[in-house]
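The values are calculated or read from the model by the stated rules, or taken from the named source; none is laboratory data. Computed from a predicted structure; not experimentally measured. Here the Cβ positions follow ideal geometry from the backbone for every residue, glycine too, while neighbour counts run over all protein chains shown. Accessible surface is based on the protein model in full, side chains and every heavy atom, while ligands, DNA and RNA are left aside. Shrake-Rupley method; radii C 1.70, N 1.55, O 1.52, S 1.80 Å.
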Amino acid sequence: MADTLTDAASDTSGQVPEYPMSRATGCPLAPPPAAAELRGDQPITKVRIWNGSTPWLITRHADQRSLLTDPRVSNDDHEPDFPHVNAHRAAIAPHTPKLITNTDAPEHTRLRRSVNAPFLVKRIEAMRPAVQKIVDDLIDDMLAGPNPADLLTALALPVPSLVIAELLGVPYKDHHFFQENSNRVLDNSLTAEEAQESSRALGGYLDTLFRAKLEQPGDDVLSEMGTRVKAGEMTHQEAVSMGVAMLIAGHETTATMISLGTLALFEHPDQLAVLRDTEDPKVVAGAVDELLRYLSIVHSGLRRVAKDDIEIGGQVIRKGDGLLFDLQTANWDPKAFPEAGRLDLSRPARQHNAFGYGPHQCLGQNLARLELQVVYGTLYRRIPTLRPAAPIEQLAFNHTGTTYGVKCLPVAW
């Protein structure tokens, strides 16, 4: 987990709990027990992070939704009191360009509008046949290859990488380059210099591609942004930076969900049977949202800073206070989702916070849902005997990236 809360549970010693908290639990797919304790006893409480500052930790589903739509809550990571993930993120923040991920209205509104069209439901849904072919071809290759296989490299990573490359207009032949550098940008265990080196490499790569699209546009997102740059609606640097952000986010999180979702289904064979035995797209769509709720995508949480005093849940958040939103703990909030610790693919789970909430809700959520629907709706029917090739306690988990997931998922059939 990128921000995994330290062994501090609720504050029993009179000291502020440390964040992140330990994930040591009998179920590696569950949120840290200490975070769940805070949600019950101190749902809005201060925690201590790496630099000694004490932002507010928000753990309840309803409180998160209230604050994430409050205009007094800022997403601007250039603010001096913003609760960054670690020292190297804090070091590079002043030099980070303005994006939809770190701006507020009206700047955020302008930037979001400039890239929103390709990610609308109608445009994304039109991609379903192409995504289906990608998934079917990769499953064909997997069946023709070694058994056991690593699901992460055989399917989970190639699917979103191929899709986002096609959507943006990035050559898939360069996938090793952008996958490796994306992982390094998101790896919180690296130094600021190491992360910046990979960020510069991706920026230079996208800049070269974007200049070529300006000269010879295609049917892709980079070309659409080129049209907006020529019209004066966004700058060249904004387009390149947006392309880098979409390339990174467009494959990393979905790859994690494909592999981690399959692992969760292996742990719940009755729920795996639901997907294996259905061809109903509504059942599959509902299952995707329940898996998103159960696992969440980003385990480093969302981070914000208060622009004014805010009173909520009996606490007063002061102007300049940082805020941390622990998404998975909110997604396991029993007040929002009864028996939240149980994976139930028939549960109406659309109101989960896995994609965030409010004006900064994930731009690519429609694309992620489509990819997950196609994979989850195809893989277990195409390979009905699919099973884990190693026990869960032997799997290596990634704790240093923005997303929490398995480093390898051996499967057999």
request  = With +1 on each Lys and Arg Cβ and -1 on each Asp and Glu Cβ, and nothing else charged, work out how big the dipole of segment 193-282 is about its Cα centre, in Debye to the nearest 20.
outcome  = 320
key: Calculated log₁₀ intensity ratio I(q)/I(0) where the Debye formula runs over C-alpha points of segment 97-247, q = 0.10, 0.11, 0.13, 0.17 Å⁻¹   = -0.41, -0.50, -0.69, -1.09
request  = Work out the charge dipole of segment 124-255 with +1 on the Cβ of Lys and Arg and -1 on the Cβ of Asp and Glu about the Cα centre, then indicate which of Leu190, Ala144, Leu206 is farthest towards its positive end.
outcome  = Leu206
task = For Cα extents along the principal axes in Å, several values are listed as [x] 68, 50, 47; [y] 59, 54, 37; [z] 59, 47, 35; flag the one computed from this structure.
result = [y]
Cα gyration tensor, segment 14-137 - rounded (a/c under 1.5), prolate or oblate = oblate
Cα lying deepest toward the dipole's positive end in the chain, options Pro171, Leu222, Ser53, charges on Cβ = Leu222
note = Counting only protein heavy atoms and leaving out ligands, DNA and RNA, the solvent-accessible surface of Arg39 at a 1.4 Å probe, in Å² to the nearest 10, equals 40
key: Sum of side-chain charges, Leu151 neighbourhood, beta-carbon under 14 Å (Lys, Arg +1; Asp, Glu -1)   = +1
ask   = Can you tell me the accessible area per residue over the chain, all protein chains present, probe 1.4 angstrom, in square angstrom?
value = 42
request  = Rounded to whole Å and sorted largest first, list the principal axis extents of the Cα atoms in segment 325-375.
outcome  = 29, 26, 14
task = Please report, in debye to the nearest 20, how large the charge dipole of the chain is about its Cα centre when each Lys and Arg carries +1 at its beta carbon and each Asp and Glu carries -1 there.
result = 640
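Could you give the semi-axes, largest first, of the ellipsoid that matches segment 253-338, computed as the square roots of 5 times the alpha carbon gyration tensor eigenvalues and rounded to whole Å?
35, 14, 11
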ask   = In what sequence, largest accessible area first, do Glu194, Glu166 appear using a 1.4 Å probe?
value = Glu166, Glu194
request  = State the percentage of accessible surface on the chain attributable to carbon and sulfur atoms; use a 1.4 Å probe and exclude ligands, DNA and RNA.
outcome  = 52
request  = Report, in cubic angstrom per residue, the convex hull volume of the C-alpha atoms of segment 61-104.
outcome  = 85
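Between Cys408 and Glu393, what is 0.36 nm times their sequence separation minus the Cα-Cα distance? Round to one decimal in nm. The partial results should precede the final answer.
Working: separation 15, 0.36 × 15 = 5.40 nm, distance 1.26 nm.
Full extension of this stretch gives 4.1 nm more.
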ask   = So, in nm, how far is label Arg128 from label Val16 when the simple model puts each one 7 Å beyond its Cα toward the Cβ?
value = 4.9
ask   = How large are Rg and Dmax for segment 128-169 when only the alpha carbon atoms are used, in Å?
value = 10.8, 33
query = Within the set Lys213/Lys307; Lys46/Lys335; Lys46/Lys122; Lys98/Lys213, which residue pairs have Cα atoms separated by over 32 Å?
reply = Lys213/Lys307; Lys46/Lys122
query = How would Arg110, Arg293, Arg23 rank on accessible area, largest to smallest, probe 1.4 Å?
reply = Arg110, Arg23, Arg293
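Could you sort Thr153, Thr378 by accessible area so the largest value comes first, with the probe set to 1.4 Å? It would help to have the intermediate numbers written out before the result.
Working: Thr153 90, Thr378 5 Å².
Most to least solvent-accessible, the answer reads Thr153, Thr378.
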query = Is any helix in the chain, taking whole DSSP H runs, at least 30 angstrom long along its axis by alpha carbon and on average at least 0.5 on the Kyte-Doolittle scale, and which ones?
reply = 236-267
inquiry  = What do you get for GluC sites (Glu not before Pro) in segment 217-279 restricted to DSSP loop and a cutoff of at most 10 other Cβ within 10 Å of the site's Cβ?
reply    = Glu279
